[in-house]
1. Taking the Cα centre of the chain as origin, work out the dipole magnitude from +1 charges on Lys and Arg Cβ and -1 charges on Asp and Glu Cβ, in debye rounded to 20.
2. Under 1.5 on a/c is rounded, so check that first for region 1-113, then, if it is not, pick prolate when a/b is larger than b/c and oblate when it is not; a ≥ b ≥ c are the square roots of the alpha carbon gyration tensor eigenvalues.
3. Please report Rg over Rh for region 280-413, where both radii come from the alpha carbon positions and Rh follows the Kirkwood definition.
4. Can you tell which of Phe161, Leu87, Gly150 lies farthest toward the positive end of the dipole of the chain, using +1 and -1 charges on the Cβ of basic and acidic side chains (Lys, Arg; Asp, Glu)?
5. Positive end of the dipole of the chain, charges at C-beta (+1 Lys, Arg; -1 Asp, Glu), about the Cα centre: which of His224, Gln360, Pro4 has its Cα farthest in that direction?
6. Over region 421-471, average the accessible area per residue using a 1.4 Å probe and give it in Å², no decimals.
7. Pop out the ³J(HN,Hα) list for region 336-341 in order, Karplus 6.51 cos²θ - 1.76 cosθ + 1.60 with θ = phi - 60°, rounded to Hz; leave Gly and Pro as x.
8. Could you tell me the relative contact order of the chain? Use alpha-carbon pairs under 8 Å, at least six residues apart, and round to a whole percent.
Amino acid sequence: MNKPWLKPIFFDTLRADLFPLKTHEEGVVRMYHCGPTLYSCPTIGNWRSFLFSDVLRRTLEWGGWKVFQAMNITDVGHMRESDDSSLKIDPIQEKAKEKGLSPWDIVARYEKQFFSDMDSLNMKKPTHMSKATKHIDDMVSMIRELVDKGYAYESNGNIYFSVKSFKKYGNLSKNLIEKLDLGHRIDINSEKRDARDFALWKTDPKHLMKWDTELGCDGFPGWHIECSAMVNSLFGDKLDIHSGGEDLVFPHHECEIAQSEAFSGKKLAGHWMHCRFLLVDGGKMGKSLGNAYTPSDIYNRGFNGSELRYSLIRGHYRQPLNFSFELLKDSRSALKRLHNFVQDLDDVKEANSHNHDFVQKYKDSFVDFMQKDLDVPQAIAVVMDLVKDSRKKGLDDIAVSAKSFLSEVNEVLGIFVKQDSSDNQKIKEMIEERNKARDDKDWKKADCIRDELLGLGIQIKDSSSGTTWNKIK
Ligand SMILES: [Zn+2]
């Protein structure tokens, strides 16, 4: 049996309190985080939430837990309001029409960029990643059963979940049923028995992504049902932590709970964790405001993936984080301080004795802060104190234990990315691939590789004698 040494206490949105992590199987955590909808590149706001789940996973693994981490990729069904709020549109389908491509091509294009950004931000790939469209059968059988059990009904070819049939609806978001329409727009739709009911399955012969199933022809799923179906197919009723950005609490997670718990009669998740918004320059982030930056936008301004990662994880996940280019610059100098320290530790020729006691007290505090609701800002402050105090004391007798502690810090926060010779080989190969794309006049591919390199902190320069590269300082 797996016996983890880390005993985390996390804030649970449903209980609205800190709560010790208790899982279905001892030493094992099954976690699920709502992933991106791929009609464009996820913004740094989305990445704040994905990296929160990465730090959560890394912390648990470091603490001796065996982690199964799942994340979905939404490639169908996520409708959103049109710019004038007059109707619901499918953004993947809209993008496909605009570009003259199929919705599948659109998703494939942004999926490639998504994984490349994941790499440049040093996020571990979740152990399970799956697209919604790979789970159509799971969704159909879940919907079938919800109809059979009386939680869902068919109306005009569409199938809706009846909110009134599920008594706990509103518990997560604390949106009491009578207050629901105050906080969220609810469309008036005469097909529904109740304005709050939400779609599980829709029928539309004009929709580009559609399936013939036992629910009927030309149908496609609603957005919420994909996560319920995926969790059920991967973990059954043994999900320990469900997480996501705070914007998903209502309606998405509220609807997931209703579907899953009506289906199984069991709790969907043991713990609910939500990461707060990312602000930009003290205000909201939005496409129309021109500040909905993607990682490539940041790399194009000369910053690298480590600096962006550090900026996005350095705030407490339950506090809004204010992103700015000043923050990025500050992260750059903090990382430089850390890198210089590691370098100086490496340069200690003869490490005399191993003064574990000195480093141990910093490590104990680091563990305490990470263990109590992932307090990354305080944990980072401890590391910075170690750097400062060690410099005063001298590095000779602490070098060995400090290095070992910092490698644990890196396991948890993933902020030191070492460039070794195999990286140099990879950079060389990427530059060759880019030059070949340029020869073939495939400018899109060439630009994409350039952005990928920027994400790795590599700036390239073309001249008549060839392409050279340097690390961004
Ligand atoms: Zn979800």
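1. In total the dipole reaches around 680 debye.
2. prolate
3. Rg/Rh for region 280-413 comes to 1.05.
4. Checking the options against the dipole of the chain, the answer is Leu87.
5. Positive-end residue among those listed: Gln360.
6. That works out to 66 Å² for each residue.
7. Whole-Hz 3J(HN,Hα) from phi for region 336-341: 4, 4, 5, 4, 4, 5.
8. Answer for the chain is 18 percent.
The values are calculated or read from the model by the stated rules, or taken from the named source; none is laboratory data. For clarity, every value in this text was computed on a predicted model and none was experimentally measured. Quick reminder, even Gly has a Cβ in these numbers, built from the backbone with ideal geometry, and neighbours come from all protein chains shown. What goes into the accessible areas is simple: the full protein's heavy atoms, side chains included, and nothing from ligands, DNA or RNA. Shrake-Rupley method; radii C 1.70, N 1.55, O 1.52, S 1.80 Å.
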